[in-house]
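**Q** Below is the structure I would like to discuss, written out as structure tokens.
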Amino acid sequence: MRSNGRTSTRFWRWRRSPLRRRSDVVEAWIVLAVWVLAVIGGAAVTLAAGLAVVHTQERHRAERYAVKAVLTEAVPEAIPTADGVKAQVRAPVRWTDRYGVVRTATVSVEASGRAGSKVVFWTDRWGTPTTPPVAGAEVAAQAVAAGALALGVWGGLVVAAGCAARGRLDRIRMDQWAKEWDEVGPGWRRRIT
């Protein structure tokens with residue numbers, strides 16, 4: 001085995017040494033805790049965020065209903081806009097809800113339709129028009145995005161806490177060194193002069 005003349009400094013905080021201070025051991029535990037929290041906590045936070053998104057979308061799917069309604073007014077043809085053709089327009093509709101109550105609302109429907117034609121839109125459990133529930137691949141994409149965001153936030157918090165703890169430890173170490181130098185320094189100054 002070839003040696004480059006340097007001693008190994010790997011895991012030096014864990015080894016017994018007369019030069020090792022208590023603060024070195026504390027710092028080693030801080031670094032270990034940061035790594036464990038980052039890896040295990042990060043996996044748990046990522047999984048929890050992804051499952052929360054999936055659970056929320058499943059709840060939305062269970063609470064939203066497709067409703068068949070009748071247009072009360074004619075809907076114009078597709079409307080040209082600056083960035084293309086607008087295929088969805090807002091139009092008044094009438095429908096009978098699950099409880100037999102006739103309701104009306106203005107909802108977003110496909111362009112071009114005459115009065116009396118049937119359209120389908122989504123409502124929540126109170127009968128308020130809403131967006132359709134998110135489908136399978138989009139739920140997975142949202143879960144992955146939420147997990148990645150949660151992982152980034154968690155990692156940032158753990159690293160910031162570790163840096164703050166190590167910074168505090170460095171201040172304590174500097175105070176100890178200053179105190180020790182105040183005891184030893186005067187003797188060294190006399191020898192030099």
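Read-outs throughout are calculated quantities, based only on the coordinates presented, and are distinct from any laboratory measurement. This is a predicted model, so every value here is computed, not measured. No Cβ is skipped: glycine too gets one built from the backbone with ideal geometry, and neighbour counts run over all protein chains shown.
**Q** Which order, highest average first, do 136-143, 103-110 follow once you tally other Cβ atoms within 10 Å for each residue and take the mean per peptide?
**A** Order by mean packing, descending: 103-110, 136-143.
**Q** If each of LEU32 and ARG166 carries a label point 7 Å out from its Cα toward its Cβ, how far apart are those two points in nm?
**A** 1.6
**Q** Okay, which of region 158-184 sit inside 19 Å, backbone N to the point 7 Å along the Cα-Cβ direction of ARG21?
**A** Inside the label zone: 163-184.
**Q** In what order do ASP24, ASP170 fall by count of nearby beta-carbon atoms within 10 Å, going from fewest to most?
**A** ASP170, ASP24
**Q** Going through region 83-134, which chymotrypsin sites (Phe, Trp or Tyr not before Pro) have at most 10 other Cβ atoms within 10 Å and a DSSP loop state?
**A** TYR99, TRP126
**Q** Using the number of other C-beta atoms within 10 angstrom as an exposure proxy, rank LEU19, LEU37, LEU157 with the fewest first.
**A** Least to most surrounded, the residues fall as LEU19, LEU157, LEU37.
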